[in-house]
Amino acid sequence: MMRLLLHTDAPDLAMSVLKERHPDLEPEVCTSYDGLAAAIAEVQPSVVYSSRFLPGAFPSRALMEAPCVRWVSNAGSGINHLIPWDPGQVTVTNSAGVAAEAMAQFAFGAMLHFSLDVPGLLHDQSNRAWANRSIVPLSGKRLLLVGFGKTCQAAARLGKAMGMDVCAIRANPQAVDDLCEVGPPQDLAHQMTIADFILVCLPLTDRTIGLVGAEALAKVKKGAVLVDLSRGGIVDHDAMVDALDDRRIGGAALDVFPIEPLSAVGSSRCADLAALLRRL
């Protein structure tokens, strides 16, 4: 029988799915980083389902250098915390694309949050006030997709359906039906000057780290909204906070941070960011 180890702090969901689909499996569970090496030594799993659930250093060596482990199924799309590994020893898979439709809808929820002035409406509701507010439809607005993986492909379909002008920056700038324009990475600076909404969804590599930093944000069209669904480190959050504070950008919605999960006690800069986002 295949030996399976679940390395997660929330194993109940995975256990319930496995019980329904593979009732013959009897997985073991490890809910800590410190205990991973001991759990592997005891269980001797050939397959490990793993998620990154604590801030700080991930115990990748304990996982990747275990002779018994042949397959690591990573719960998220990013695998930077697992690098490096020997492909001859272990196969690594991720969940890229599994939540593409949901994440694209999250991105549009964020865009509508700002274009419909949801914070203002909630403020009026809580104060039982009837006020005139500026509501701006998404139709006719320009959406820039930085990257064109599964999530951005889903976002392109939604954007086209909502009447937006959708363009994309991608390494291989081939034309796509849902896009009005496709350009190479060299076009990013120009495209950021004319986009009303910017959706960043890229893998973290040597070429993408810090891609959306102070220089790029200085070129953004005033009032544009930034949505980051990629990996922490691609958008420079210090530069983004400065852009928010100076009102150069109209809002930001973040699904990723340089250190994940977020610590219960963040830095003062993170506190500044949270306060700014609450104000917008």
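Worth a mention:
- The set of residues in the range 69-92 being among the polar types (S, T, N, Q) and over 20 Å from G232 (Cα atoms) consists of S73, Q89, T91.
- Residues located in the range 189-214, provided they are open to solvent by less than 50 Å² (accessible area, probe 1.4 Å), at pLDDT 95 or above and more than 16 Å from A252 (Cβ to Cβ): Q191
- Single condition C152 does not satisfy, out of (1) assigned to a loop (DSSP other than H, G, I, E, B); (2) buried (at least 18 other Cβ atoms within 10 Å of the Cβ); (3) out of contact with any helix residue (DSSP H, G or I) (no Cβ under 7 Å at 6 or more places or on another chain); (4) not charged (D, E, K, R): (1)
- Failed condition for I83, given (1) within 21 Å of L202 (Cα to Cα); (2) modelled with pLDDT of 95 or more; (3) out of contact with any helix residue (DSSP H, G or I) (no Cβ under 6 Å at 6 or more places or on another chain): (2)
- Residue in the range 129-145 that is outside any helix (DSSP H, G or I), at pLDDT 95 or above and among the charged types (D, E, K, R) present: yes
- Annotation: G78 fulfils all but one of (1) open to solvent by 30 Å² or more (accessible area, probe 1.4 Å); (2) within 30 Å of M162 (Cβ to Cβ); (3) touching a residue at least 60 places away in the same chain (Cβ under 8 Å); (4) touching a Pro at 6+ places or on another chain (Cβ under 9 Å); the unmet one is (1).
- Where G88 falls short, out of the listed (1) small (G, A, S); (2) exposed (fewer than 14 other Cβ atoms within 10 Å of the Cβ); (3) touching a Lys or Arg at 6+ places or on another chain (Cβ under 9 Å): (3)
- Residues that are out of contact with any Leu (no Cβ under 7 Å at 6 or more places or on another chain), in a loop (DSSP other than H, G, I, E, B) and surrounded by 12 or more Cβ atoms within 10 Å (Cβ to Cβ) within the range 11-54 comprise H22, E26, T31, S32, G35, Q44, S46, S51, R52, F53, L54, listed in sequence order.
- Test: residue in the range 162-169 that is without any contact (Cβ under 8 Å) to a residue 24 or more places away in the chain and open to solvent by 40 Å² or more (accessible area, probe 1.4 Å): no
- Inspection of the range 223-235 identifies at least one residue that is without any contact (Cβ under 8 Å) to a residue 60 or more places away in the chain, under 26 Å from D165 (Cβ atoms) and open to solvent by 20 Å² or more (accessible area, probe 1.4 Å).
- Scanning the range 161-196 for residues that are in a helix (DSSP H, G or I) and either touching a Gly at 6+ places or on another chain (Cβ under 8 Å) or closer than 23 Å to K222 by Cα (or both) gives P185, Q186, D187, L188, A189, H190, Q191, M192, T193, I194.
- Residue in the range 57-66 that is open to solvent by 70 Å² or more (accessible area, probe 1.4 Å), touching a residue at least 60 places away in the same chain (Cβ under 8 Å) and not hydrophobic (A, V, I, L, M, F, W, C) present: no
The values are calculated or read from the model by the stated rules, or taken from the named source; none is laboratory data. As the structure is a computational prediction, the values presented were derived from the model and not from experiment. Don't worry about glycine lacking a Cβ; one is built from the backbone with ideal geometry, like all the others, and counts go over all protein chains shown. Ligands, DNA and RNA are stripped out before the accessible areas are found, and what is left, the full protein with its side chains, is counted by its heavy atoms. Shrake-Rupley method; radii C 1.70, N 1.55, O 1.52, S 1.80 Å.
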